[in-house]
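**Q** Pasting a structure here, questions to come.
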Amino acid sequence: MKQNKNVLITPDSRKILQEEFAQLQSPVTIMVFTDDRENKPFNDFCLALISELSEITDKIRPVVETLSGDLAKKHGVTRSPTILLQPDKYDIRFTGAPAGEEVRTLMISILMASTGNTVLSDASRKRLGDLNEKRAIKVFVSPTCPYCPQQAAQAVSAAIEKPGLVAAEMIEIFENKDIAAQFNVVSVPQTFINDQLVAPGLQPEEVFVEEVISAAPVEVRAAQVHEGIEKDLVIIGAGPAGLTAAIYAERSGLRAVVLEKANVGGQVALTPVVENYPGFTRIAGKTLMDMIAQQAINYTDINQGEEVIDIRKTGGLFEVSTSRTRYTAKAVLITTGAESKKLGVPGEKQFQGKGVSYCAACDGYFFKDGKKVIVVGGGNTAATEALYLKNIGVSVTLIHRRDQLRAEQYLRQSLTDNKIPIIWNTAVKEIKGEKLVSEVVLENTIDASVRSMKIDGVFVAIGYVPNNVLAKKLGVETDEEGYIKVDKSHRTNIGGIYAAGDITGGIKQIVTAVGQGAVAAMSIFEDIAHPYWKEKN
């Protein structure tokens, strides 16, 4: 390939990749298919990226082909750009340029294709051994989706574990809108197996593997294990509070583990820009959480994709059953945070993932060529989402049920400066469409007048509801809104159970969650040494 001047990979990133690529064993052929007649910027990006990667290690063998060549016919390639990974051994392809977050997927895939070692656990690999039918996995992705790389890595892992039976294809939705339209996809990640939707979102590994076996959606169940893993502290949730607590707990000498069913970083990882965290004038939420997670992982295990199914107290210890195993612990810290509140209007559930979204960072990229969307809400999150969408090229309007925003003054001014229209005193009453969202019904909250508005997408940002299912199972006391009640040491009403972060309500800020995580960890350390619940008895 023609040499370039490393315009994509910075010197710092190059050093990191050199260290990672030292793990490569067998050479990896990366076949890039392009066509000068279409998608030239994306073609150029792919060619430059693969060329620069091949300059870092001689284990990467780039091959450039055209759509009119024999190899395109052999491998059934009809789109430009398309990347095939080790095509003579595996059926792994990237349809569209793997940019942004999907560069991570490509790097992980190269490592797995070279070493044969996947991200799947031994139990999942063993389970895949039962597969004896062909499976074609399609994972729809976007460059801005922080959840996509993990789901895509699981698909690639299945293709490597079962060559000849499993094909994995990552489809970038903006570059391939016709395929996205065919499958009614405007939200990512979405996973199809043999063209059947099985996963509208990121899934735990065990669930994904079962869906590959059955080619149909399955439910999460607790793993059947006979011996538990002993820990001092189990932390449920890998947001700012949980990760900070892990650092402080391990530094105090406690044996801790962090369990996260979805994405490390929680809601912060979905925040496009953070401008009020001390030490950083402006930083992407995903970048901030990656930094915190990297520090935490130096101290303790962070098990991403492991969902807690049940917690029971037995003999003075807590038994925590997950989708993978069972833990016994002296204490449990709940940092499960909160999830986006729903509008609760007709059409919302029907069109979720088909134009209704709760994450601009995940799904906004699809609308970036001037499509019309609304953001519903009036707080900091709604303002931030609207600004992000505007900045990536989306035609966005803010809808708020009152006559003034709750957002901070700085964000309100930014909305004005960016000329983002706001429709005041208005509520969404219904979301309509055929296969995808095409219209919303709006009601004026003052005079009850109703009108329709043609729209391509609806981003909901009206607040949060606590993820308190586990707390309720345990009998943990909550307030009228469902947030866990804690004292100043972050103890709950149940001895040995603690809570921190957004799950406790109050001010929902990153800095608050970090502080609460630290306080909770130190309280747990002191309480394990001198159990207050025993002293009361």
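**Q** Suppose R0 equals 45 Å. What FRET efficiency, 1/(1 + (r/R0)^6) with r the Cβ-Cβ distance, do Arg14 and Lys419 give to the nearest 0.05?
**A** On the way: r = 40 Å, r/R0 = 0.89.
In this case the efficiency is close to 0.65.
**Q** As an exercise, use a Förster radius of 51 Å and the Cβ-Cβ distance of Gln196 and Val225 to find the FRET efficiency, rounded to the nearest 0.05.
**A** Details: r = 31 Å, r/R0 = 0.60.
Working from the Cβ atoms, E equals 0.95.
**Q** So what is the diffusion coefficient of the chain in µm² per second by Stokes-Einstein at 4 °C and 1.567 mPa s, using a Kirkwood Rh over Cα pairs? Mind dumping the intermediate values first?
**A** Details: Rh = 24.7 Å.
The calculation lands on 52 µm²/s.
**Q** May I ask you to sort Asp502, Asp130 by Cβ crowding, counting other Cβ atoms within 10 Å and putting the fewest first? Kindly include the intermediate steps, with their values, before the conclusion.
**A** Working: Asp502 30, Asp130 8.
Listing Asp502, Asp130 from fewest to most nearby Cβ atoms yields Asp130, Asp502.
**Q** Any cysteines in the chain with zero other Cys Cβ atoms under 4.7 Å from their Cβ? List them, or say none.
**A** Singleton cysteines: Cys46.
**Q** Mean Kyte-Doolittle of at least -0.5 plus a Cα span of 27 Å or more along the axis: flag which DSSP H helices in the chain meet both, please.
**A** Sorted by number, the helices that extend far enough and score high enough are 510-529.
**Q** Name the trypsin sites (Lys or Arg not before Pro) in the range 359-403 that are in a loop by DSSP and that have at most 14 other C-beta atoms within 10 Å, would you?
**A** Working: sites: Lys368, Lys371, Lys372, Lys390, Arg401, Arg402; in loops: Lys368, Lys371, Arg401, Arg402.
Answer by residue number: Arg402.
**Q** Counting Lys and Arg as +1 and Asp and Glu as -1, what is the net charge of the other residues whose Cβ lies under 12 Å from the Cβ of Gly305?
**A** -3
**Q** Moving on to the next point. Show me, for the range 451-458, the HN-Hα J-couplings you get by feeding each phi into the Karplus relation (A = 6.51, B = -1.76, C = 1.60, θ = phi - 60°), rounded to Hz, glycine and proline as x.
**A** Ordered by residue, 3J(HN,Hα) equals 8, 9, 9, 6, 8, 9, x, 10 Hz.
**Q** Of Tyr365, Gly164, Thr29, which is farthest towards the positive pole of the chain's charge dipole, taken about the Cα centre with +1 and -1 on the beta-carbons of Lys, Arg and Asp, Glu respectively?
**A** Tyr365
**Q** Looking at the range 403-435, which trypsin sites (Lys or Arg not before Pro) are in a loop (DSSP not H, G, I, E or B) and have at most 16 other Cβ atoms within 10 Å? Before the final figure, lay out the partial values.
**A** Details: sites: Arg406, Arg412, Lys419, Lys429, Lys432, Lys435; in loops: Arg406, Lys419, Lys435.
Hits after loop and neighbour filter: Arg406, Lys419, Lys435.
**Q** A further question follows. Which whole-Hz couplings ³J(HN,Hα) result when phi for each residue of the range 70-77 is put into the Karplus expression 6.51 cos²θ - 1.76 cosθ + 1.60, θ = phi - 60°, listed in order with x for Gly and Pro?
**A** Going residue by residue, I get 5, 5, 5, 5, 4, 9, x, 8 Hz, with x marking Gly and Pro.
**Q** Right, something else. Got a sec to turn the phi values of the range 257-264 into Karplus ³J(HN,Hα) couplings, 6.51 cos²θ - 1.76 cosθ + 1.60 with θ = phi - 60°, whole Hz, x for Gly and Pro?
**A** 9, 10, 10, 9, 6, 10, 10, 4
**Q** Could you tell me what percent of the DSSP beta bridges with both partners in the chain are antiparallel, to the nearest 5? Could you put the intermediate results ahead of the total?
**A** Numbers: 43 of 94 bridges.
The antiparallel proportion sits near 45 percent.
**Q** Given all pairs of different Cα atoms, what value in angstroms does the Kirkwood hydrodynamic radius of the range 356-462 take? Each step should come with its number before you reach the end.
**A** Values: mean 1/r = 0.0733 Å⁻¹.
Kirkwood hydrodynamic radius for the range 356-462: 13.6 Å.
**Q** Placing one identical point scatterer on every Cα of the range 222-265 and ignoring solvent, what is log10 I(q)/I(0) from the Debye formula at q = 0.23 Å⁻¹?
**A** Debye curve over Cα of the range 222-265, log10 I(q)/I(0) at q = 0.23 Å⁻¹: -0.80.
**Q** Val273's amide H: which non-local residues (gap 5+, or another chain) put their own amide H closer than 5 Å, with H modeled 1.01 Å from N in plane and none for Pro or chain starts?
**A** Gly285
**Q** Just to verify a number: FRET efficiency for Asp369 and Ser26, C-beta to C-beta distance, R0 = 35 Å, to 0.05? Before the final figure, lay out each step's value.
**A** Details: r = 40 Å, r/R0 = 1.15.
Once the sixth-power term is evaluated, E becomes 0.30.
**Q** How would Val185, Val207 line up from fewest to most surrounding beta-carbon atoms within 10 angstrom?
**A** Details: Val185 25, Val207 21.
So the ranking, lowest neighbour count to highest, is Val207, Val185.
**Q** Separate question: In nanometres, what is the gap between the two model label sites at Asp479 and Val7, each 7 Å from Cα along Cα-to-Cβ?
**A** 5.4
**Q** Normalised by the empirical 2.2 N^0.38 Å for globular proteins, what value does the Cα Rg of the range 11-214 take?
**A** Numbers: Rg = 16.0 Å, N = 204, 2.2 N^0.38 = 16.6 Å.
Compactness ratio reported: 0.96.
**Q** Mind jotting down the distance between the C-alpha centroids of the range 367-446 and the range 69-114, whole Å?
**A** The range 69-114 and the range 367-446 have Cα centres spaced 37 Å from each other.
**Q** Something else now. Using amide H atoms built in the peptide plane, which far-off residues or other-chain residues are under 5 Å from Arg491 H to H?
**A** none
Here, each number is a calculation from the coordinates, and none is a lab measurement. On a predicted model such as this, the values are computed, not experimentally measured, just so you know. Cβ atoms come from the backbone with ideal geometry, glycine included; neighbour counts cover every protein chain shown.
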